[in-house]
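Take a look at the structure set out below.
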């Protein structure tokens, strides 16, 4: 169904999960309730745990984005690998985090789809980059050192993928990619799990440009990022996070020129201010996204850090007035 819809209209992704969670003013006990009451390490800020300890909050956030017009919501699993959860000594809870996050999201999308079958909703299993990089050394004095191996990443991503699939996601999203080698490990793991479970789901890929250089953290241009992954089967490819829409436009234009796959973008609500907050209003963000649509660059659009249901509603209303991107002229030639 997703393969058909993406050629008929521009699909809308949800917005920031962390942004919404911050609005609840949660305390340490919210991250423990019923699951981690005796856990020795502080847990506040580990938002993935809320799918277990405060599931009603996550359901409410998903519902708000769907009400705003999102076609695809992401599971609350950005840090849902054993590698990321090791910071909290919660490696043993990874399967539960991902499985229950997927179940929650699927429950909400099913309810919305049943109430309006003409607008089916979908769940993307969010697979974040981890807090390790396989390409770069964290120690400037030991450039050959790596804090993680490719095989370590494969095992962690395999565990996460199994749980997300068991929980009922409709597709998988390898997102906020700052190191393409990490992404290759994730995609290898996903293919291995597909073979193991004898299933296949669409895969979204989304990289992140870290600064004005126009490169990923591991040093690749957008074109190199695409070529590095182009041998793999994926549903869409695009960019998210780090920058606002205004800064991402030339990079999405470059990606659209060489990719024959659907293109996605979900930027932050501008660049963070001195307090780490995001100032772009829904109207401002849409003004910056309009050139993407005027130039026919997008198949999927949404928001990342700092975006809210109000942003997504404005984006959905804008996107509804445009046709989705067609295959690039370069690829057609």
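Tabulated data
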| quantity | calculated |
| --- | --- |
| Most mobile listed residue (87, 71, 118) in the chain, GNM with C-alpha springs under 10 Å | 118 |
| Gained length - residue 191 relative to residue 290, 0.36 nm times residue gap less alpha-carbon distance | 32.1 nm |
| Per-pair calculated FRET efficiency, R0 = 30 Å: residue 221 and residue 5 via Cβ, rounded to 0.05 | 0.45 |
| Likely footprinting exposure, 284, 1, fewest C-beta neighbours within 10 Å first | 1, 284 |
| Equivalent ellipsoid semi-axes, the chain, via Cα gyration tensor eigenvalues times 5, rooted, Å | 28, 24, 20 |
| Estimated D of the stretch 235-306 in µm² per second, where Rh is the Kirkwood radius over Cα pairs and Stokes-Einstein applies at 10 °C, 1.306 mPa s | 130 |
| Packing-based exposure ordering (other Cβ within 10 Å, fewest first) of 21, 5, 177, 72 | 5, 21, 72, 177 |
| Relative contact order [Cα under 8 Å, 6+ residues apart], the chain, whole percent | 20 |
| Inter-centroid distance (Cα atoms) of the stretch 33-77 relative to the stretch 197-250, Å | 26 |
| Spin-label pair residue 199/residue 140, simplified geometry with 7 Å Cα→Cβ offset, distance in nm | 4.6 |
| Fraction of antiparallel bridges per DSSP, the chain only, in percent to nearest 5 | 5 |
| Residue-span extension gain [residue 326 to residue 277] - 0.36 nm each, minus C-alpha spacing | 14.1 nm |
| MRE, 222 nm, helices only [DSSP H, n ≥ 4, -39500 (n - 2.57), over the chain, to nearest 500] | -12500 deg cm²/dmol |
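Throughout, read-outs are computed from the coordinates displayed, never taken from laboratory work. These numbers come from a predicted model, not from an experiment. So basically every Cβ, Gly included, is an ideal-geometry build from the backbone, and we count neighbours across all protein chains shown.
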